[in-house]
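Notes follow the structure.
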Amino acid sequence: MAVKIQSIRGMHDILPEQSGLWQHFESVMRETIQSYGYLEIRMPIVESTDLFCRSIGEVTDIVEKEMYTFDDRNGDSLTLRPEGTASCVRAGIQHGLLHNQQQRLWYLGPMFRHERPQKGRYRQFHQIGVETFGIQGPDIDAELILMTARLWKKLGLENIRLELNTLGSNDARARYKDILVDYLKQNLDLLDEDSLRRLDTNPLRILDSKNPAMQEMIDTAPKLMDYLDQESLEHFEQLKSLLDNAGIKYTINPRLVRGLDYYCKTVFEWVTDQLGAQGTVCAGGRYDGLVEQLGGRATTAAGFAMGIERLLSLIEDQGFEHSRQLDIFLALQGESAQFQGLMLAEQLRNQLPDLKLMLNCGGGGFKSQIKKADKSGAQLALILGEDEIKNQSITIKHLRKQTDQQTVKLAELSSVLGEWLNS
C-alpha cells in the first residue's frame, strides 16, 4: 500500500471553506493600502542567501536557526525568503527605483521560517508588507501607523494596542550597545543560555527576554532613551505629537527593540492579548541604513509587515461572518435545457458582472440538482426545464428563506435579478 503524502509540518493548505475569509481580508487590505497611493511590487520567493545575512544579520535567530537554505545545481546558496523588506530593497536597488526618489510600495505573499508551529505562527506564513523610501521626516512614520489603525477599523478588529519606541541613530545605538554589554557582563550569573549566546552579537534582544528570572535585572538595565542623539529625540517627539493630534493611543515600550538588525529610530508593534504568547499582529519602523548596507546609495526608509494568519485568527475569534460565495445555482432538466442553459449563464454573467452564478454540469435528476444547489451555498436556484423553454420562462426558487417560487419571462430575468442583487 502506497504511503500517503501529506503537507509538510507547519505548511498548511487553505481550503475552499477558508478562502472566503482570506479573499475578504486581502480585498480590504489592498483597497486601503492603495487608497494611500502605494503601488504593488512582487518579488521572487527565492533569493541569494547573502541578501538575508547582510540585511537581517548573521547572528540573528532567523539567519542562524530558521532559514530554509540550500545549494542549487550551480552551487549557489539560495534561501526561501524569511521576510519581505530585504527583497523589496534589493529589487528597488536593482531596478533603479530608490536613488533621489520617493517610493511607496506594498507586497503580499508567503514567507518561510523553520520555527515551532503554534497558533498564528507557521513555517510557511503569509505577510503583507508596506515599504517607503526617500522620506525622512516623522510624518511618514505617522502615516504608516495611521494606515494600520484604519485597517483595524475596516476589518472590525478590537483590542489591538500600539506600542512605540525609538532606537536612535545607528551611531547612538552602537554607543548604547557597549554600555549595555558592560552592564550585562556584571550580571552574567543571571543570564540564561539564550542571552549568553546573544551577549556579544545581538545584546539588545536580551531586553526583550520573557524569562521571569531575568525581569528585575532587565528592568534596572541602562535605558536606550537616555543615550539617544538629539535628532532622534526630536524625530520621536514630533511623531508622538502627530499621533496625539490624530487621536491614536499608544504606549511607550522601552524594551521594544525588534529582532532585525536593520531598524533605527522609530519602531512600533500592534499587539493583542487574544492570541496567546504570539501577540504581535503588525510590526515595523525605520531602517534608514539598509539600502546603503545592501549596496545602494544612502536612502531613508520605513515600513511595516503584518502576518495574515494571525490577523485571520483574530478576525475569526471576534465573530467574522463569511460573505456570500454564490448567488445563484442554475438547475437544468432535459437535453434542450442543458444546451440553452450554458448560453443563458453566459448571458447573465455579461449583463450582471457582479453576479456569482454556478451552472449545473454533469446531468442529474431534479432532486439531486436542488441538493447540489443547497450545498453550494447559493441564495437562489434558477430552474430551466422543457416546460420553461416552451414558455420562454424560468422558475426562481429561494433556498435560504420561506418564499414562494416565482416564474418570470426569460426576457425579464436580467432585470429581476438585478433588482434582487441591489435589494
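Observations on the model:
- Number of residues in the range 132-180 that are under 28 Å from residue 13 (Cα atoms) and of a type in the set (Asp, Glu): the value is 1.
- Under the condition of being acidic (Asp, Glu) and in contact (Cβ under 8 Å) with a residue 24 or more places away in the chain, the residues counted in the range 185-215 number 1.
- For the residues 257, 271, the requirement of being in the same structural domain as residue 299 (by TED's automatic domain parsing), closer than 21 Å to residue 147 by Cβ, in contact (Cβ under 8 Å) with a residue 60 or more places away in the chain and touching a strand residue (DSSP E or B) at 6+ places or on another chain (Cβ under 8 Å) singles out 271.
- Any hit, the range 361-370, residues being of a type in the set (Val, Ile, Thr) and under 22 Å from residue 402 (Cα atoms): yes
- All positions within the range 149-180 that are under 13 Å from residue 227 (Cβ atoms) and hydrophobic (A, V, I, L, M, F, W, C): 167, 172, 174, 179, 180
- Per the conditions (1) more than 30 Å from residue 241 (Cβ to Cβ); (2) charged (D, E, K, R); (3) part of a loop (DSSP other than H, G, I, E, B); (4) within 23 Å of the chain's Cα centre (by Cα), the sole criterion not satisfied by residue 73 is (4).
- In the range 59-89, the residue that is surrounded by the fewest Cβ atoms within 10 Å (Cβ to Cβ) out of those that are out of contact with any strand residue (DSSP E or B) (no Cβ under 7 Å at 6 or more places or on another chain) and under 16 Å from residue 290 (Cα atoms) is 60.
- Every pair of residues 6+ apart whose Cβ atoms lie under 9 Å, when the first sits in the range 238-249 and is farther than 12 Å from residue 141 by Cβ while the second is assigned to a loop (DSSP other than H, G, I, E, B) and at pLDDT 95 or above: 244/250
- Yes/no for residue 355 being touching a Ser or Thr at 6+ places or on another chain (Cβ under 8 Å) and hydrophobic (A, V, I, L, M, F, W, C): no
- Residue satisfying condition, being under 22 Å from the mean Cα position of the chain (by Cα), surrounded by 15 or more Cβ atoms within 10 Å (Cβ to Cβ), assigned to a strand (DSSP E or B) and touching a residue at least 24 places away in the same chain (Cβ under 8 Å), within set 283, 331: 283
- For the range 232-273, a residue qualifies if it is charged (D, E, K, R) and farther than 21 Å from residue 157 by Cβ, and the qualifying residues are 234, 237, 240, 244, 255, 258, 261, 265.
- Flag if residue 8 is out of contact with any Gly (no Cβ under 7 Å at 6 or more places or on another chain), aliphatic (A, V, I, L, M), touching a residue at least 24 places away in the same chain (Cβ under 8 Å) and assigned by TED's automatic domain parsing to the domain that holds residue 150: no
- Summed over the range 24-47, residues that are of a type in the set (Ser, Thr, Tyr) and loosely packed, with under 14 Cβ neighbours inside 10 Å total 2.
- Leading residue by the ranking (modelled with the lowest pLDDT) among those in the range 114-169 that are of a type in the set (Phe, Trp, Tyr) and in contact with an Asp or Glu (Cβ under 7 Å, 6 or more places away or on another chain): 122
- Restricting the range 221-232 to residues that are under 33 Å from the mean Cα position of the chain (by Cα) and part of a loop (DSSP other than H, G, I, E, B), the residue that is surrounded by the fewest Cβ atoms within 10 Å (Cβ to Cβ) is 223.
- Single residue of the range 173-200 satisfying the filter (surrounded by 14 or more Cβ atoms within 10 Å (Cβ to Cβ) and outside any helix (DSSP H, G or I)) that is modelled with the lowest pLDDT: 199
- Residue among 31, 40, 47, 83 that alone is among the acidic types (Asp, Glu) and at pLDDT below 95: 83
- Residue 127 being surrounded by 14 or more Cβ atoms within 10 Å (Cβ to Cβ) and assigned by TED's automatic domain parsing to the domain that holds residue 22: yes
- In the range 111-169, the residues that are touching a Leu at 6+ places or on another chain (Cβ under 6 Å) and under 22 Å from residue 40 (Cβ atoms): 112, 128, 131, 133, 141
- When the residues of the range 201-220 are filtered to those that are under 33 Å from the mean Cα position of the chain (by Cα) and assigned to a loop (DSSP other than H, G, I, E, B), the one that is modelled with the highest pLDDT is 211.
The values are calculated or read from the model by the stated rules, or taken from the named source; none is laboratory data. Keep in mind it's a predicted model, so treat the numbers as computed, not measured. Ideal geometry is used to build each Cβ from the backbone, glycine not excepted, and the neighbour counts take in all protein chains shown.
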